[in-house]
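The values are calculated or read from the model by the stated rules, or taken from the named source; none is laboratory data. Quick caveat: nothing in here was measured; it's all calculated off a predicted structure. Don't worry about glycine lacking a Cβ; one is built from the backbone with ideal geometry, like all the others, and counts go over all protein chains shown. Remember, those area values only see protein heavy atoms, side chains included, never the ligands or the DNA or RNA. Shrake-Rupley method; radii C 1.70, N 1.55, O 1.52, S 1.80 Å.
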Amino acid sequence: MCDLKGQYTKIKPEIDSAIQEVIDSTSFIKGKDVNLFQDNLAKYLGVKHVIGCANGTDALQIALMALGLKPGDEVITPDFTFIATVEVVALLGMVPVLVDVDPLNFTIDIKKLEEAITPKTKAIIPVHLFGQCANMDEIMRIAKKHSIFVIEDNAQALGADYFMENGSKVKAGTLGDIGTTSFFPSKNLGCYGDGGALFTNNDDLANEIRSIANHGMKVRYHHDRIGVNSRLDTIQAAILNVKLKYLEEYNRARIFAANYYDSNLKACSHLAVPSRVKWSNHIFHQYTLRVIDANRDELVKHLASFGIPSMVYYPVPLHKQKAFEPYRAVNGTASFHVSDSLANSVISLPMHTEMDESTLKFICEKTLAFFK
Ligand SMILES: *Cc1c(COP(=O)(O)O)cnc(C)c1O
(Lines give C-alpha, C1' and ligand atoms only; values in the text may rest on other atoms or scores of the structure.)
Protein backbone atom coordinates (compact mmCIF):
# COMPACT_ATOMS: atom_id res chain seq x y z
CA MET A 1 0.00 0.00 0.00
CA CYS A 2 2.96 2.32 0.53
CA ASP A 3 6.63 2.41 -0.43
CA LEU A 4 8.51 3.84 2.51
CA LYS A 5 11.77 2.24 1.38
CA GLY A 6 11.66 3.92 -2.03
CA GLN A 7 10.90 7.27 -0.42
CA TYR A 8 13.74 6.89 2.11
CA THR A 9 16.28 5.90 -0.56
CA LYS A 10 15.80 9.24 -2.33
CA ILE A 11 16.62 11.30 0.78
CA LYS A 12 18.86 8.83 2.59
CA PRO A 13 21.95 11.05 3.05
CA GLU A 14 19.89 13.89 4.54
CA ILE A 15 17.93 11.59 6.84
CA ASP A 16 20.95 9.60 7.96
CA SER A 17 22.93 12.69 8.89
CA ALA A 18 19.94 14.20 10.73
CA ILE A 19 19.62 11.02 12.81
CA GLN A 20 23.38 10.80 13.40
CA GLU A 21 23.46 14.40 14.63
CA VAL A 22 20.85 13.63 17.28
CA ILE A 23 22.78 10.58 18.41
CA ASP A 24 26.02 12.59 18.57
CA SER A 25 24.27 15.29 20.61
CA THR A 26 22.63 12.67 22.91
CA SER A 27 19.72 15.16 23.32
CA PHE A 28 17.19 12.41 22.78
CA ILE A 29 14.45 14.16 24.73
CA LYS A 30 13.45 17.74 23.87
CA GLY A 31 16.50 18.28 21.70
CA LYS A 32 16.75 21.34 19.47
CA ASP A 33 15.11 19.58 16.53
CA VAL A 34 11.81 19.38 18.40
CA ASN A 35 11.47 23.16 18.69
CA LEU A 36 12.83 23.64 15.21
CA PHE A 37 10.28 21.25 13.74
CA GLN A 38 7.41 22.79 15.72
CA ASP A 39 8.40 26.22 14.39
CA ASN A 40 8.80 24.98 10.83
CA LEU A 41 5.45 23.20 10.85
CA ALA A 42 3.75 26.25 12.40
CA LYS A 43 5.16 28.41 9.60
CA TYR A 44 4.08 25.92 6.95
CA LEU A 45 0.56 25.67 8.34
CA GLY A 46 0.23 29.38 9.08
CA VAL A 47 -0.74 28.65 12.68
CA LYS A 48 0.58 30.28 15.85
CA HIS A 49 1.45 27.21 17.91
CA VAL A 50 2.46 23.66 17.08
CA ILE A 51 3.08 21.32 20.02
CA GLY A 52 4.58 17.92 19.33
CA CYS A 53 3.45 14.80 21.19
CA ALA A 54 3.92 11.04 21.08
CA ASN A 55 1.26 10.10 18.51
CA GLY A 56 -1.98 11.22 16.91
CA THR A 57 -4.17 9.46 19.46
CA ASP A 58 -2.45 11.29 22.32
CA ALA A 59 -2.92 14.53 20.41
CA LEU A 60 -6.70 13.99 20.42
CA GLN A 61 -6.73 13.05 24.09
CA ILE A 62 -4.65 16.07 25.09
CA ALA A 63 -6.92 18.32 23.01
CA LEU A 64 -10.03 17.11 24.89
CA MET A 65 -8.24 17.60 28.22
CA ALA A 66 -7.00 21.09 27.29
CA LEU A 67 -10.51 22.24 26.47
CA GLY A 68 -11.52 21.39 30.02
CA LEU A 69 -14.14 18.84 29.03
CA LYS A 70 -15.56 16.72 31.83
CA PRO A 71 -16.88 13.17 32.21
CA GLY A 72 -20.44 13.03 30.91
CA ASP A 73 -19.89 15.72 28.29
CA GLU A 74 -21.03 14.69 24.83
CA VAL A 75 -18.56 14.81 21.96
CA ILE A 76 -19.71 14.35 18.37
CA THR A 77 -17.58 12.38 15.93
CA PRO A 78 -18.23 10.79 12.55
CA ASP A 79 -19.20 7.11 12.55
CA PHE A 80 -16.84 6.32 9.69
CA THR A 81 -13.26 6.95 10.87
CA PHE A 82 -10.31 5.30 12.55
CA ILE A 83 -11.13 4.24 16.11
CA ALA A 84 -8.66 6.70 17.71
CA THR A 85 -10.99 9.64 17.11
CA VAL A 86 -13.66 8.16 19.35
CA GLU A 87 -11.62 5.98 21.69
CA VAL A 88 -10.13 8.95 23.55
CA VAL A 89 -13.57 10.45 24.14
CA ALA A 90 -14.72 7.28 25.88
CA LEU A 91 -11.41 6.85 27.69
CA LEU A 92 -11.86 10.24 29.37
CA GLY A 93 -15.35 9.31 30.54
CA MET A 94 -17.05 11.51 27.99
CA VAL A 95 -19.89 10.29 25.81
CA PRO A 96 -19.15 9.70 22.13
CA VAL A 97 -22.08 10.64 19.92
CA LEU A 98 -21.69 9.16 16.46
CA VAL A 99 -22.98 10.84 13.33
CA ASP A 100 -23.35 9.35 9.85
CA VAL A 101 -21.22 10.63 6.98
CA ASP A 102 -21.74 12.08 3.53
CA PRO A 103 -22.03 9.32 0.91
CA LEU A 104 -19.74 11.09 -1.58
CA ASN A 105 -16.93 12.66 0.44
CA PHE A 106 -17.13 10.38 3.51
CA THR A 107 -16.84 13.28 5.99
CA ILE A 108 -19.38 14.07 8.71
CA ASP A 109 -22.94 14.72 7.48
CA ILE A 110 -23.62 18.36 8.32
CA LYS A 111 -27.39 18.06 8.59
CA LYS A 112 -27.25 15.03 10.88
CA LEU A 113 -24.51 16.73 12.89
CA GLU A 114 -26.77 19.60 13.86
CA GLU A 115 -29.57 17.17 14.74
CA ALA A 116 -27.24 15.33 17.13
CA ILE A 117 -26.50 18.39 19.26
CA THR A 118 -27.99 18.39 22.77
CA PRO A 119 -27.46 20.69 25.76
CA LYS A 120 -24.70 18.28 26.85
CA THR A 121 -22.72 18.58 23.60
CA LYS A 122 -19.37 20.23 24.29
CA ALA A 123 -17.25 19.43 21.23
CA ILE A 124 -17.26 18.20 17.65
CA ILE A 125 -14.34 16.27 16.18
CA PRO A 126 -14.60 16.42 12.39
CA VAL A 127 -12.19 14.09 10.58
CA HIS A 128 -10.61 15.17 7.29
CA LEU A 129 -10.89 11.65 5.98
CA PHE A 130 -8.57 10.17 3.33
CA GLY A 131 -6.95 13.55 2.60
CA GLN A 132 -9.92 15.84 2.03
CA CYS A 133 -11.48 18.29 4.48
CA ALA A 134 -14.88 18.17 6.10
CA ASN A 135 -17.01 21.27 5.45
CA MET A 136 -15.39 23.53 8.05
CA ASP A 137 -17.38 26.68 7.18
CA GLU A 138 -20.59 24.83 8.10
CA ILE A 139 -19.05 23.10 11.11
CA MET A 140 -17.66 26.35 12.54
CA ARG A 141 -21.03 28.04 11.98
CA ILE A 142 -22.86 25.28 13.86
CA ALA A 143 -20.24 25.24 16.62
CA LYS A 144 -20.48 28.98 17.11
CA LYS A 145 -24.28 28.93 17.17
CA HIS A 146 -24.29 26.28 19.92
CA SER A 147 -21.07 27.43 21.71
CA ILE A 148 -19.23 24.16 21.27
CA PHE A 149 -15.55 23.46 20.64
CA VAL A 150 -14.11 22.05 17.43
CA ILE A 151 -11.13 19.72 17.34
CA GLU A 152 -10.03 18.91 13.78
CA ASP A 153 -8.65 15.39 13.44
CA ASN A 154 -6.18 16.12 10.69
CA ALA A 155 -4.21 12.87 10.85
CA GLN A 156 -5.04 12.15 7.19
CA ALA A 157 -4.93 15.58 5.56
CA LEU A 158 -1.76 17.34 6.68
CA GLY A 159 -0.94 19.89 3.99
CA ALA A 160 -4.40 19.96 2.38
CA ASP A 161 -5.72 23.40 1.46
CA TYR A 162 -9.07 24.60 2.73
CA PHE A 163 -10.86 27.26 0.68
CA MET A 164 -13.04 29.37 2.93
CA GLU A 165 -16.33 30.86 1.82
CA ASN A 166 -14.82 34.31 2.35
CA GLY A 167 -12.26 33.53 -0.34
CA SER A 168 -9.20 32.95 1.84
CA LYS A 169 -7.15 29.79 1.69
CA VAL A 170 -5.86 28.14 4.86
CA LYS A 171 -4.19 24.85 5.70
CA ALA A 172 -6.35 21.99 6.96
CA GLY A 173 -6.43 21.70 10.74
CA THR A 174 -6.05 25.39 11.53
CA LEU A 175 -9.68 26.53 11.69
CA GLY A 176 -10.95 24.72 14.78
CA ASP A 177 -10.02 25.53 18.38
CA ILE A 178 -7.39 22.80 18.11
CA GLY A 179 -6.12 20.71 15.21
CA THR A 180 -4.37 17.38 15.71
CA THR A 181 -2.26 15.19 13.50
CA SER A 182 -0.28 11.97 13.41
CA PHE A 183 3.17 11.27 11.97
CA PHE A 184 2.59 7.51 11.80
CA PRO A 185 4.94 6.26 9.03
CA SER A 186 2.24 5.84 6.37
CA LYS A 187 0.60 9.25 6.91
CA ASN A 188 1.24 12.01 4.37
CA LEU A 189 4.00 13.36 6.64
CA GLY A 190 5.28 10.23 8.35
CA CYS A 191 8.22 9.76 10.69
CA TYR A 192 10.12 6.53 11.38
CA GLY A 193 8.13 5.49 14.40
CA ASP A 194 5.34 7.23 16.29
CA GLY A 195 4.74 10.94 16.50
CA GLY A 196 1.92 13.48 16.63
CA ALA A 197 1.17 17.15 17.11
CA LEU A 198 -1.49 19.67 18.07
CA PHE A 199 -2.00 23.10 16.48
CA THR A 200 -3.81 26.14 17.80
CA ASN A 201 -3.91 29.90 17.37
CA ASN A 202 -4.99 30.37 21.00
CA ASP A 203 -2.12 31.24 23.40
CA ASP A 204 -3.93 30.01 26.52
CA LEU A 205 -4.85 26.70 24.91
CA ALA A 206 -1.25 26.29 23.71
CA ASN A 207 -0.01 26.73 27.29
CA GLU A 208 -2.55 24.23 28.59
CA ILE A 209 -1.56 21.72 25.91
CA ARG A 210 2.17 22.07 26.69
CA SER A 211 1.49 21.63 30.37
CA ILE A 212 -0.82 18.62 29.99
CA ALA A 213 1.62 16.86 27.66
CA ASN A 214 4.31 17.40 30.31
CA HIS A 215 2.77 15.83 33.44
CA GLY A 216 0.55 18.84 34.09
CA MET A 217 3.42 21.11 35.00
CA LYS A 218 4.36 24.63 33.98
CA VAL A 219 7.16 25.05 36.53
CA ARG A 220 9.40 22.02 36.95
CA TYR A 221 8.15 19.57 39.60
CA HIS A 222 5.14 21.78 40.35
CA HIS A 223 2.11 19.95 39.02
CA ASP A 224 -0.97 22.12 38.54
CA ARG A 225 -3.19 19.42 37.19
CA ILE A 226 -3.21 15.79 36.12
CA GLY A 227 -1.40 15.45 32.85
CA VAL A 228 0.25 12.81 30.73
CA ASN A 229 3.73 12.11 29.38
CA SER A 230 3.56 12.60 25.65
CA ARG A 231 6.57 13.86 23.73
CA LEU A 232 7.75 13.90 20.15
CA ASP A 233 11.18 12.17 20.14
CA THR A 234 14.11 14.28 19.00
CA ILE A 235 15.10 11.67 16.42
CA GLN A 236 11.58 11.72 14.96
CA ALA A 237 11.58 15.53 14.94
CA ALA A 238 14.91 15.53 13.08
CA ILE A 239 13.46 13.16 10.46
CA LEU A 240 10.30 15.24 10.18
CA ASN A 241 12.34 18.40 9.69
CA VAL A 242 13.89 16.84 6.61
CA LYS A 243 10.62 15.39 5.30
CA LEU A 244 8.53 18.54 5.86
CA LYS A 245 10.49 20.20 3.04
CA TYR A 246 9.16 17.53 0.69
CA LEU A 247 5.56 17.43 1.92
CA GLU A 248 4.15 19.54 -0.92
CA GLU A 249 6.04 17.43 -3.46
CA TYR A 250 4.82 14.23 -1.77
CA ASN A 251 1.24 15.43 -1.84
CA ARG A 252 1.59 16.34 -5.53
CA ALA A 253 2.84 12.81 -6.25
CA ARG A 254 -0.25 11.41 -4.52
CA ILE A 255 -2.50 13.71 -6.55
CA PHE A 256 -0.76 12.56 -9.75
CA ALA A 257 -1.44 8.92 -8.89
CA ALA A 258 -5.07 9.71 -7.99
CA ASN A 259 -5.62 11.52 -11.27
CA TYR A 260 -4.15 8.56 -13.14
CA TYR A 261 -6.49 6.16 -11.35
CA ASP A 262 -9.42 8.49 -11.98
CA SER A 263 -8.89 8.80 -15.69
CA ASN A 264 -8.54 5.04 -16.12
CA LEU A 265 -11.26 3.87 -13.76
CA LYS A 266 -14.00 6.49 -13.98
CA ALA A 267 -15.63 4.98 -17.06
CA CYS A 268 -16.24 1.68 -15.27
CA SER A 269 -19.90 1.56 -14.21
CA HIS A 270 -19.04 -0.65 -11.22
CA LEU A 271 -16.65 1.88 -9.70
CA ALA A 272 -17.20 5.34 -8.23
CA VAL A 273 -13.95 7.30 -8.16
CA PRO A 274 -13.39 9.60 -5.16
CA SER A 275 -15.45 12.77 -5.35
CA ARG A 276 -13.78 16.15 -4.84
CA VAL A 277 -15.44 18.80 -2.70
CA LYS A 278 -15.32 22.48 -3.63
CA TRP A 279 -14.07 23.67 -0.23
CA SER A 280 -10.85 21.65 -0.08
CA ASN A 281 -8.28 20.05 -2.30
CA HIS A 282 -7.69 16.32 -1.91
CA ILE A 283 -4.21 15.09 -1.02
CA PHE A 284 -5.12 11.42 -1.09
CA HIS A 285 -3.93 9.87 2.10
CA GLN A 286 -5.98 7.07 0.61
CA TYR A 287 -7.41 6.55 -2.85
CA THR A 288 -10.79 5.06 -2.01
CA LEU A 289 -13.28 3.79 -4.56
CA ARG A 290 -16.82 2.62 -4.02
CA VAL A 291 -17.71 -0.68 -5.67
CA ILE A 292 -21.22 -0.62 -7.15
CA ASP A 293 -23.30 -3.74 -7.90
CA ALA A 294 -20.33 -6.07 -7.63
CA ASN A 295 -18.61 -8.02 -4.87
CA ARG A 296 -15.99 -5.82 -3.21
CA ASP A 297 -14.41 -8.70 -1.26
CA GLU A 298 -13.99 -10.71 -4.46
CA LEU A 299 -12.27 -7.72 -6.04
CA VAL A 300 -9.84 -7.63 -3.09
CA LYS A 301 -9.05 -11.33 -3.70
CA HIS A 302 -8.78 -10.83 -7.46
CA LEU A 303 -6.22 -8.02 -6.98
CA ALA A 304 -4.29 -10.04 -4.41
CA SER A 305 -3.95 -12.89 -6.92
CA PHE A 306 -1.89 -10.49 -9.05
CA GLY A 307 0.15 -9.34 -6.06
CA ILE A 308 -1.75 -6.04 -5.84
CA PRO A 309 -2.44 -5.00 -2.26
CA SER A 310 -5.69 -3.27 -1.41
CA MET A 311 -7.33 -2.37 1.89
CA VAL A 312 -10.78 -1.75 3.26
CA TYR A 313 -10.81 1.44 5.33
CA TYR A 314 -13.00 0.82 7.33
CA PRO A 315 -14.78 -2.55 7.29
CA VAL A 316 -16.83 -1.96 10.47
CA PRO A 317 -18.35 1.44 11.24
CA LEU A 318 -17.88 2.58 14.82
CA HIS A 319 -21.52 2.15 15.85
CA LYS A 320 -21.13 -1.60 15.16
CA GLN A 321 -17.87 -2.03 17.07
CA LYS A 322 -18.11 -4.20 20.17
CA ALA A 323 -16.21 -1.61 22.21
CA PHE A 324 -18.99 0.92 21.61
CA GLU A 325 -21.87 -1.28 22.67
CA PRO A 326 -22.24 0.61 25.95
CA TYR A 327 -22.82 3.84 24.02
CA ARG A 328 -25.33 2.49 21.54
CA ALA A 329 -28.30 3.83 23.45
CA VAL A 330 -26.88 7.37 23.22
CA ASN A 331 -27.31 7.30 19.47
CA GLY A 332 -30.98 6.43 19.85
CA THR A 333 -32.65 6.00 16.51
CA ALA A 334 -29.91 7.75 14.52
CA SER A 335 -29.44 6.17 11.11
CA PHE A 336 -26.02 5.10 9.90
CA HIS A 337 -27.08 3.78 6.54
CA VAL A 338 -24.30 5.64 4.72
CA SER A 339 -21.44 4.38 6.87
CA ASP A 340 -23.00 0.90 6.84
CA SER A 341 -23.07 0.93 3.06
CA LEU A 342 -19.54 2.37 2.79
CA ALA A 343 -18.16 -0.36 5.04
CA ASN A 344 -19.48 -2.89 2.53
CA SER A 345 -18.46 -1.10 -0.64
CA VAL A 346 -15.20 0.85 -0.24
CA ILE A 347 -11.79 -0.31 -1.39
CA SER A 348 -8.51 1.60 -1.18
CA LEU A 349 -5.87 1.01 -3.84
CA PRO A 350 -2.11 1.43 -3.33
CA MET A 351 -1.34 5.12 -2.81
CA HIS A 352 2.03 6.61 -1.99
CA THR A 353 4.66 9.03 -3.14
CA GLU A 354 6.65 6.62 -5.31
CA MET A 355 4.01 5.35 -7.74
CA ASP A 356 5.11 5.23 -11.37
CA GLU A 357 2.97 5.00 -14.46
CA SER A 358 3.71 1.36 -15.21
CA THR A 359 2.60 0.30 -11.72
CA LEU A 360 -0.53 2.43 -11.97
CA LYS A 361 -1.29 1.05 -15.42
CA PHE A 362 -0.94 -2.54 -14.16
CA ILE A 363 -3.23 -1.89 -11.18
CA CYS A 364 -5.87 -0.21 -13.36
CA GLU A 365 -5.80 -3.01 -15.95
CA LYS A 366 -6.20 -5.73 -13.35
CA THR A 367 -8.93 -3.79 -11.57
CA LEU A 368 -10.93 -3.32 -14.78
CA ALA A 369 -10.39 -6.96 -15.77
CA PHE A 370 -12.39 -8.04 -12.72
CA PHE A 371 -15.56 -6.52 -14.16
CA LYS A 372 -15.16 -7.92 -17.68
C1 LIG B 1 -3.79 7.64 12.19
C2 LIG B 1 -4.98 8.29 12.74
C3 LIG B 1 -5.08 8.67 14.10
C4 LIG B 1 -4.12 8.25 15.16
O5 LIG B 1 -2.80 8.42 14.94
P6 LIG B 1 -1.70 7.57 15.74
O7 LIG B 1 -0.46 8.38 15.53
O8 LIG B 1 -1.63 6.23 15.09
O9 LIG B 1 -2.08 7.49 17.17
C10 LIG B 1 -6.20 9.38 14.51
N11 LIG B 1 -7.17 9.69 13.65
C12 LIG B 1 -7.14 9.31 12.35
C13 LIG B 1 -8.28 9.70 11.46
C14 LIG B 1 -6.06 8.59 11.86
O15 LIG B 1 -6.05 8.23 10.57
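Computed quantities for the displayed model
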read-out	value
Prolate/oblate/rounded label for region 1-100 (Cα gyration tensor, a/c 1.5)	prolate
Region 35-94-region 316-361 distance, computed between alpha-carbon centres (Å)	21
Global form of the chain, assessed from the alpha-carbon gyration tensor, a/c cut-off 1.5	oblate
Charge sum, other residues only, whose C-beta stays under 14 Å from GLY72's C-beta, Lys/Arg counted +1 and Asp/Glu -1	+1
Check: region 247-369 dipole with +1 on Lys, Arg Cβ and -1 on Asp, Glu Cβ, in debye	340
Computed Rg/Rh of region 247-369, alpha carbon atoms with Kirkwood Rh	1.02
GNM result for the chain, Cα springs below 10 Å: residue of ALA329, ALA197, ALA155 fluctuating most strongly	ALA329
Three-way shape call for region 159-218 based on the alpha-carbon gyration tensor, with the a/c threshold at 1.5	oblate
Per residue value of the accessible surface for the chain (all protein chains in place, 1.4 Å probe), Å²	43
Charge sum, other residues only, whose C-beta stays under 14 Å from GLY332's C-beta, Lys/Arg counted +1 and Asp/Glu -1	-1
Region 62-162 - charge dipole about Cα centre, Lys and Arg +1 at Cβ, Asp and Glu -1, debye rounded to 20	400
Extension gain (nm, one decimal) between HIS146 and PHE371, 0.36 nm per residue minus Cα-Cα	76.2 nm
Residue-count net charge about ALA172 - beta-carbon cut-off 12 Å; Lys, Arg +1, Asp, Glu -1	-1
MRE, 222 nm, helices only [DSSP H, n ≥ 4, -39500 (n - 2.57), over the chain, to nearest 500]	-12000 deg cm²/dmol
Out-of-range pairs (alpha-carbon distance over 19 Å; input LYS187/LYS301; LYS30/LYS171; LYS171/LYS218; LYS10/LYS30; LYS171/LYS278)	LYS187/LYS301; LYS30/LYS171; LYS171/LYS218; LYS10/LYS30
Antiparallel DSSP beta bridges within the chain, as percent of all bridges there, nearest 5	65
Ordering of 110-122, 133-145, 171-183 by packing [mean C-beta count within 10 Å, highest first]	171-183, 133-145, 110-122
Charge dipole (debye, nearest 20) of the chain; +1 at Cβ of Lys and Arg, -1 at Cβ of Asp and Glu	100
Region 247-369, accessible surface, carbon-and-sulfur percent (1.4 angstrom probe)	54
Segments 358-367, 254-263 sorted - mean Cβ within 10 Å per residue, highest first	254-263, 358-367
